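Visitor: Sending over a structure as structure tokens; questions will come in a sec.
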There are 2 protein chains.
Amino acid sequence: METSSEQSRRLSAQLAFIREIDRVKSIYRQTVLMDGARRENDAEHSWHIAIMAVTLSEHAPPELDVLRTVTMLLVHDLVEIDCGDTFCYDTEGMVGKHERESVAADRIFGILPHDQAAYLRDLWDEFEARETPEARYANALDRLQPMLQNYATSGGAWREHGVTADRVLRRNRIIADGAPELWSYARAMIADAVSRGFLDPGPEFRREMELG
Amino acid sequence: METSSEQSRRLSAQLAFIREIDRVKSIYRQTVLMDGARRENDAEHSWHIAIMAVTLSEHAPPELDVLRTVTMLLVHDLVEIDCGDTFCYDTEGMVGKHERESVAADRIFGILPHDQAAYLRDLWDEFEARETPEARYANALDRLQPMLQNYATSGGAWREHGVTADRVLRRNRIIADGAPELWSYARAMIADAVSRGFLDPGPEFRREMELG
């Protein structure tokens, strides 16, 4: 049984972690709020996809552990406290990203008591590996949410960075692995964004649409 | 069995809800970020306490349903889209707050398919009523997090609004109902904040400390 001083050491470590992660509220992403007022930050993004995980769970694989998925989503961007946000269409910035973020994950989750540090560190690895149903569904939501934000802002970050529809399709096709119904919706949204002029189609748009 | 068009109607309603709640990211609270840079908003606050619910669950009542608690916390401030944030020490602003927020809860959760609207609406009522272990623990975290933010910013919103330690103790004593160990910690933090000059004790500080 735990002694009271062991409990108090655990609580101290947990509160140190809770204080440390406040910094995620200052990590800004490329996507803007749906009213276009400003960029959103990682804490807001994580909150939004956590609610999506709950409300869209009927479109996820059956028998999914929703709490595991939500926890994964709540912590998936904490590594950006040390590494910053890399825009997903920034090909150069993506080089070595996973290695840098792994070091950050060790440090940040390592603030917690050992058992909790190991649990959340594994959950982050699981998210990154995209092999379990929970990780696939979580990644699908992580991709879908910025698409909703970009569409709502008439192209938003897509337009600002000259990202074309064929790249959006290629980048986000993994949504189909975690939630096929959401990928159908996303494809239709991309086609609609092209027809409204929110997105340039790019040279391979038609081929990418055929690939699904 | 659901028809495909019923599925698609449900998804449309779910995505309408997901778009609507983006507005929570623009509802600013009185508490400031731990680096003092700016006020935090409801989405950031909700994200933070959802992670707290997971990482502090060993201090909650046993057999607690963590997913239920996390979901409750993720949605507990959505009503502020219509009602705005009321500073918890604003006695006038608190009058009629629950009635105004109930109307907002009907509208906002009502965007979802009926079964999900009812589930989240009930969960919001449960949070407000503070009767179940999940609601008591959720309320404890909702109270503790701004205290951590205020302490980290040398008094923060307490100081800005001239809130005294006796009022902080009275307002937050319900933390003890949901997580007694966290209340012990919070009381020690308040006493420390007084000794550091982050908080004025107020006329009844000593008596409130004795009341526990």
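Visitor: Anything in the stretch A:58-105 that is assigned to a helix (DSSP H, G or I) and more than 14 Å from chain B (Cβ to nearest Cβ)? List them, or say none.
Guide: Our first condition is that a residue be assigned to a helix (DSSP H, G or I); within the stretch A:58-105, this holds for A:58-59, A:66-75, A:80-83, A:97-105.
Residues satisfying the conditions are A:82, A:83, A:97, A:98, A:99, A:100, A:101, A:102, A:103, A:104, A:105.
Visitor: Let me ask another. Which count do you get for residues in the stretch A:12-43 that are in a helix (DSSP H, G or I), in contact (Cβ under 8 Å) with a residue 12 or more places away in the chain, surrounded by 18 or more Cβ atoms within 10 Å (Cβ to Cβ) and within 7 Å of chain B (Cβ to nearest Cβ)?
Guide: 5
Visitor: Turning to a different aspect of this structure: Can you confirm whether residue B:46 is assigned to a helix (DSSP H, G or I), of a type in the set (Gly, Ala, Ser) and more than 7 Å from chain A (Cβ to nearest Cβ)?
Guide: For residue B:46, the condition - assigned to a helix (DSSP H, G or I), of a type in the set (Gly, Ala, Ser) and more than 7 Å from chain A (Cβ to nearest Cβ) - is not met.
Visitor: For residue A:55, only one of the following conditions fails: (1) within 9 Å of chain B (Cβ to nearest Cβ); (2) within 15 Å of the chain's Cα centre (by Cα); (3) among the β-branched types (Val, Ile, Thr). What is its number?
Guide: Result: residue A:55 passes all but (2).
Visitor: Residues that are buried (at least 23 other Cβ atoms within 10 Å of the Cβ) and either hydrophobic (A, V, I, L, M, F, W, C) or under 30 Å from residue A:113 (Cα atoms) (or both): does the stretch B:78-95 have at least one?
Guide: There is at least one residue in the stretch B:78-95 that is buried (at least 23 other Cβ atoms within 10 Å of the Cβ) and either hydrophobic (A, V, I, L, M, F, W, C) or under 30 Å from residue A:113 (Cα atoms) (or both).
Visitor: May I pose another question? Are any of the residues in the stretch A:175-191 among the hydroxyl-bearing types (Ser, Thr, Tyr), within 13 Å of chain B (Cβ to nearest Cβ), assigned to a helix (DSSP H, G or I) and under 27 Å from residue A:21 (Cβ atoms)?
Guide: Checked against the condition, which is being among the hydroxyl-bearing types (Ser, Thr, Tyr), within 13 Å of chain B (Cβ to nearest Cβ), assigned to a helix (DSSP H, G or I) and under 27 Å from residue A:21 (Cβ atoms), the stretch A:175-191 yields no hits at all.
Visitor: Name every residue in the stretch B:159-200 that is closer than 28 Å to residue B:131 by Cα, open to solvent by less than 30 Å² (accessible area, probe 1.4 Å) and of a type outside the set (Val, Ile, Thr), in order of residue number.
Guide: B:165, B:166, B:169, B:172, B:178, B:179, B:182, B:183, B:186, B:189
The values are calculated or read from the model by the stated rules, or taken from the named source; none is laboratory data. It should be emphasised that the depicted structure is a prediction, and the values quoted were computed from it without experimental measurement. Here Cβ is always computed from backbone atoms with ideal geometry, including for glycine, and neighbour counts include all displayed protein chains. Only protein heavy atoms, including side chains, enter the accessible area calculation; ligands, DNA and RNA are left aside. Shrake-Rupley method; radii C 1.70, N 1.55, O 1.52, S 1.80 Å.
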